[in-house]
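Written below as structure tokens is the structure these notes are about.
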Amino acid sequence: MSNVQLNSRTGAIALSDRVGRISVSSTLAVMMEAEKLRAEGADIVDFGAGEPDFPTPDNVKEAAIRAIRDNFSKYTATPGTMELRQAIVDWHRRELGTSYSPSEVIATAGGKQATRSARHDVQGAERAQLRRRPRPAVGRGPRHRHVAARHAGAQPSRRYPQGVCK
């Protein structure tokens, strides 16, 4: 802890300059704007976070409580548990008439993770380039795309050189 510096005036831990450069995600910014508009009386549907506009159904709440009571609270396999993937296959077969196996199913925490995984799986890191998308889009412009490309082990698009991300 010898590297920790304290603010001489307040005695609080002094944070690095990088902390001050953290900005609100575009998803959170849209959510905050929707909340502001709702508070002003606007009747809107917020698609910012991709969450439903209805309360969590009671059977889902009960299942979550049961899982916690049963200590089912640890990390699971990346594509989801086999039980969940089989339930997805069964639902697809019953509701849509499809025929998949659990090995063809991946359950993700949300759309961002699913989109990123699909893109990387299809293109592969050696070919992946993150390109500008029509607004509104997840991420914050060239800097975000550069960081995401590097994180994926890909080369960022030449349109957005290394110097864009500081």
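Only one of ALA34, ALA64, ALA39 is modelled with pLDDT of 90 or more and closer than 28 Å to ARG116 by Cα. Can you tell me which?
Going through ALA34, ALA64, ALA39 in turn, the sole match is ALA64.
Could you tell me how many of the residues in the range 22-56 are assigned to a loop (DSSP other than H, G, I, E, B) and at negative phi?
Of the residues in that region, 19 qualify.
Against the definition (surrounded by 10 or more Cβ atoms within 10 Å (Cβ to Cβ) and free of Cβ contacts under 8 Å to residues at least 12 places away in the same chain), how does LYS74 come out, yes or no?
No, not satisfied.
Filter the range 113-131 down to the residues that are loosely packed, with under 15 Cβ neighbours inside 10 Å and either at pLDDT 75 or above or over 20 Å from LEU84 (Cβ atoms) (or both) and list them by number.
GLN113, ALA114, THR115, SER117, ALA118, VAL122, GLN123, GLY124, ALA125, GLU126, ARG127, ARG131
Can you tell me which residues in the range 34-68 are over 29 Å from LEU84 (Cβ atoms) and touching a residue at least 12 places away in the same chain (Cβ under 8 Å)?
Once the filter is applied, which keeps residues that are over 29 Å from LEU84 (Cβ atoms) and touching a residue at least 12 places away in the same chain (Cβ under 8 Å), the range 34-68 yields only ALA34.
Hey, SER26 hits all of (1) surrounded by 11 or more Cβ atoms within 10 Å (Cβ to Cβ); (2) without any contact (Cβ under 8 Å) to a residue 40 or more places away in the chain; (3) under 19 Å from GLY111 (Cα atoms) but one; which does it fall short on?
Among (1) surrounded by 11 or more Cβ atoms within 10 Å (Cβ to Cβ); (2) without any contact (Cβ under 8 Å) to a residue 40 or more places away in the chain; (3) under 19 Å from GLY111 (Cα atoms), SER26 violates only (2).
I'd like to verify a number: residues in the range 77-110 that are outside any loop (DSSP other than H, G, I, E, B) and either surrounded by 14 or more Cβ atoms within 10 Å (Cβ to Cβ) or not aliphatic (A, V, I, L, M) (or both), how many?
Here the count works out to 16.
So VAL19 passes all but one of these: (1) part of a helix (DSSP H, G or I); (2) of a type in the set (A, V, I, L, M, F, W, C); (3) surrounded by 10 or more Cβ atoms within 10 Å (Cβ to Cβ). Which condition number does it fail?
Among (1) part of a helix (DSSP H, G or I); (2) of a type in the set (A, V, I, L, M, F, W, C); (3) surrounded by 10 or more Cβ atoms within 10 Å (Cβ to Cβ), the lone unmet condition for VAL19 is (3).
The values are calculated or read from the model by the stated rules, or taken from the named source; none is laboratory data. Quantities reported herein were computed from a predicted structural model and do not represent experimental measurements. A quick note on method: Cβ atoms are made from the backbone with ideal geometry, for glycine too, and the neighbour counts reach across all protein chains shown.
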